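Laboratory data are not the source of any read-out in this text; all were calculated from the coordinates shown. Everything quoted here is computed from the prediction, not taken from an experiment. Glycine also receives a Cβ, built like all others from the backbone with ideal geometry; neighbour counts cover every protein chain displayed.
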Amino acid sequence: MYKTIVRPLLFRIPPESAHHLSITGLKMISKIPGATTLLNKATTLTDPVLEREVFGIKFPNPVGIAAGFDKQAELFEQLANLGFGFVEIGTITPKGQPGNPSPRLFRLPKDKALINRMGFNNIGVDAAIAHLKKRKTNIIVGGNIGKNTTTPNDKASDDYLFCFTKLFDHVDYFVVNVSCPNISDLHELQDRKSLTELLLVLQQANRRKEKPKPVLLKVSPDLNNPQLDEVIQMVKETGIDGVVATNTTVSRQHLTTDKHVVEKIGNGGLSGLPLKDRSTEVIRYLSEKSKKAFPIIGVGGIFTPADALEKIKAGADLVQVFTGFIYEGPLIAKRINRELIEKKEELPPVAG
């Protein structure tokens, strides 16, 4: 039904409008008496095989929603009723900001991909917290944090620390986002010295807490192997808990969409099926080169259960979907989890 009726209708309107319409639809469904229970039963699988403890958190299943879908921390409970084991909100910045001018989200249906240059549009940390305080389910929520566009890089750590401190009591883990290609100077923070200093600032604040929370780093698929070696070393030096691999890519290689269409779209991060192989390569490299020293959340081009299993076999302990969710529909988590149950003998041990 989704692919034959719902998706064709949504794809007839601009992508960002379709996204807002989907959010409205999910919220409306959740208000219908009994609808949440029925939806949960139709989309959720529960099995001990799916449970995994990663960086001290027990996840009911390893399939989550990547940051960028629930930017405003307004939809995590509705997403919990679609069978996902966790939801990552954001990217959240200290102050609300509109992001880049529209249009800023584009579909590439021939490639099962998206290009976005959203620019960290969000309502700001205080408004996000107001939504999180209304949490009624036990869904695991990650907080993806960034800096405001107007904040210079020499003050970036202040923004990240501000969001970390504010969100600490309201999320279960943190993801430091310095790899988004849609903030003009953000890539400069991926410099080893700058990034190490930023992570150490957050870890110092984290260790002062009675119960520190997991801190992860989201990495770009466009890093080369020496840069990935530096990521491994930074994880060791700073004591952060893991890595999210990967963010969107600036690459436009191997697309079947007409190159003139792609050129007209312009700058932005590419997500979806064209990213699948590269994200898996990064996961495998980080896992093998570090000798499975830290947990990895695998994201990038997951559309099918086989795609998710490939990521897990490459070294991912958890996986996230975004573009695949848009193209495949609300049963994607259930399909993946069913496959993981059926192929439980093939699942590698979790990093922890």
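My understanding is that a pair violates if its Cα-Cα distance is over 30 Å; which of Lys71/Lys291; Lys110/Lys334; Lys41/Lys112; Lys213/Lys343 do that in this structure? Mind dumping the intermediate values first?
Details: Lys71/Lys291 34 Å; Lys110/Lys334 25 Å; Lys41/Lys112 28 Å; Lys213/Lys343 32 Å.
Beyond 30 Å between Cα atoms: Lys71/Lys291; Lys213/Lys343.
Please list, ordered by chain and number, the residues whose modelled amide H lies under 5 Å from the amide H of Gly96; skip anything fewer than 5 residues away on the same chain.
Gly124, Val125
Picking from Gly99, Gly300, Gly266, which is most flexible by a Gaussian network model of the chain using Cα springs under 10 Å?
Gly266
Going through the stretch 315-352, which trypsin sites (Lys or Arg not before Pro) have at most 16 other Cβ atoms within 10 Å and a DSSP loop state? Show your work: numbers first, answer last.
On the way: sites: Lys334, Arg335, Arg338, Lys343, Lys344; in loops: Lys343.
The qualifying sites are Lys343.
Please report the antiparallel percentage of DSSP beta bridges with both residues in the stretch 2-346, rounded to the nearest 5.
On the way: 14 of 44 bridges.
Roughly 30 percent of the DSSP beta bridges within the stretch 2-346 come out antiparallel.
Add -39500 (n - 2.57) for each DSSP H run of 4 or more in the chain, then divide by its residues: what number comes out at 222 nm, to the nearest 500 deg cm²/dmol?
Values: 13 runs with 132 residues, N = 352.
Here the helix-only value at 222 nm equals -11000 deg cm²/dmol.
Return P(r) of the stretch 69-185 (all Cα-Cα pairs; 5 Å bins starting at 0; whole %; ordered from short to long distances).
Going from the shortest bin to the longest, the percentages are 2, 12, 21, 22, 18, 15, 7, 3, 0.
Under the 0.36 nm per residue contour assumption, what length would be gained going from the current alpha-carbon distance of His20 and Asp229 to full extension?
Details: separation 209, 0.36 × 209 = 75.24 nm, distance 3.92 nm.
That pair, His20 and Asp229, stretches by 71.3 nm at full extension.
For Leu161, Leu38, Leu275, which order do you get if you count the other beta carbons within 10 Å of each Cβ and list the fewest first? Present the calculation step by step, with values, prior to reporting the outcome.
Values: Leu161 17, Leu38 12, Leu275 26.
Going from sparsest to densest Cβ surroundings: Leu38, Leu161, Leu275.
Which of Asn177, Asn81, Asn153 moves most in a GNM of the chain, Cα contacts under 10 Å?
Asn153
Please work out the Cα center distance from the stretch 34-74 to the stretch 290-346, rounded to the nearest Å.
Using only Cα atoms to place each centre, the spacing works out to 13 Å.
Please rank Arg207, Arg135, fewest neighbouring Cβ atoms within 10 Å first, as an exposure proxy. Provide the component values of the computation, followed by the final result.
Values: Arg207 9, Arg135 15.
Lowest count first: Arg207, Arg135.
Rounded to the nearest 20 Debye, what is the dipole magnitude of the chain about its Cα centre when Lys and Arg each give +1 and Asp and Glu each give -1 at the C-beta? Please report the intermediate quantities before stating the final value.
Numbers: 47 positive and 38 negative charges, 164 e Å.
Computed charge dipole of the chain: roughly 780 debye.
Ala73's amide H: which non-local residues (gap 5+, or another chain) put their own amide H closer than 5 Å, with H modeled 1.01 Å from N in plane and none for Pro or chain starts?
Answer set, sorted by chain and number: Gly90.
Would you please name the GluC sites (Glu not before Pro) within the stretch 153-224 that are DSSP coil residues with at most 10 other C-beta atoms within 10 Å of their C-beta? Walk me through the intermediate numbers first.
Numbers: sites: Glu188, Glu197, Glu210; in loops: Glu210.
Hits after loop and neighbour filter: Glu210.
I'm a student and want to see the number: the projected area of the Cα convex hull of the chain, averaged over all directions, in nm². Mind dumping the intermediate values first?
Details: hull surface 65.8 nm².
Its average projected convex-hull area is 16.5 nm².
Arranged from highest to lowest average of other beta-carbon atoms within 10 Å per residue, in what order do the peptides 219-232, 41-54 appear?
So the order, starting with the most tightly packed, is 219-232, 41-54.
For Arg207 and Asn153, what is the calculated FRET efficiency with R₀ set at 22 Å and r taken between the beta-carbons, to the nearest 0.05? Mind showing how you got there, number by number?
Values: r = 25 Å, r/R0 = 1.11.
Computed FRET efficiency for Arg207 and Asn153 comes out at 0.35.
I'd like to know how the stretch 25-98 sits against the 2.2 N^0.38 Å rule of thumb: what's its Cα Rg over that expected value? Mind dumping the intermediate values first?
Details: Rg = 14.1 Å, N = 74, 2.2 N^0.38 = 11.3 Å.
So the stretch 25-98 has a normalised radius of gyration of 1.25.
What Kirkwood hydrodynamic radius, in Å, does the stretch 1-148 give when the mean of 1/r is taken over all pairs of distinct Cα atoms and then inverted?
Working: mean 1/r = 0.0597 Å⁻¹.
Its Kirkwood hydrodynamic radius stands at 16.7 Å.
How large is ³J(HN,Hα) for each residue in the stretch 64-74, as worked out from phi by the Karplus curve 6.51 cos²θ - 1.76 cosθ + 1.60 (θ = phi - 60°), to whole Hz, x for Gly and Pro?
Running phi through 6.51 cos²θ - 1.76 cosθ + 1.60 with θ = phi - 60° gives x, 9, 6, 4, x, 7, 9, 5, 9, 6, 10 Hz.
Along the charge dipole of the stretch 2-346, pointing to its positive end and built from +1/-1 on Cβ of Lys, Arg, Asp and Glu, which listed residue (Pro226, Leu195, Val178) has its Cα farthest out?
The listed residue farthest towards the positive side: Val178.
Starting at the first residue of the stretch 54-61, write each ³J(HN,Hα) from the Karplus equation 6.51 cos²θ - 1.76 cosθ + 1.60 with θ = phi - 60°, in whole Hz, x for Gly and Pro.
For the stretch 54-61, the Karplus-derived couplings read 10, 5, x, 10, 8, 8, x, 7 Hz, x marking Gly and Pro.
Out of residues 5 or more away from Val178 or on other chains, whose amide H comes under 5 Å of its own, with H placed 1.01 Å from N in the peptide plane?
For Val178, whose amide H was placed from the backbone, the distant partners under 5 Å are Lys218.
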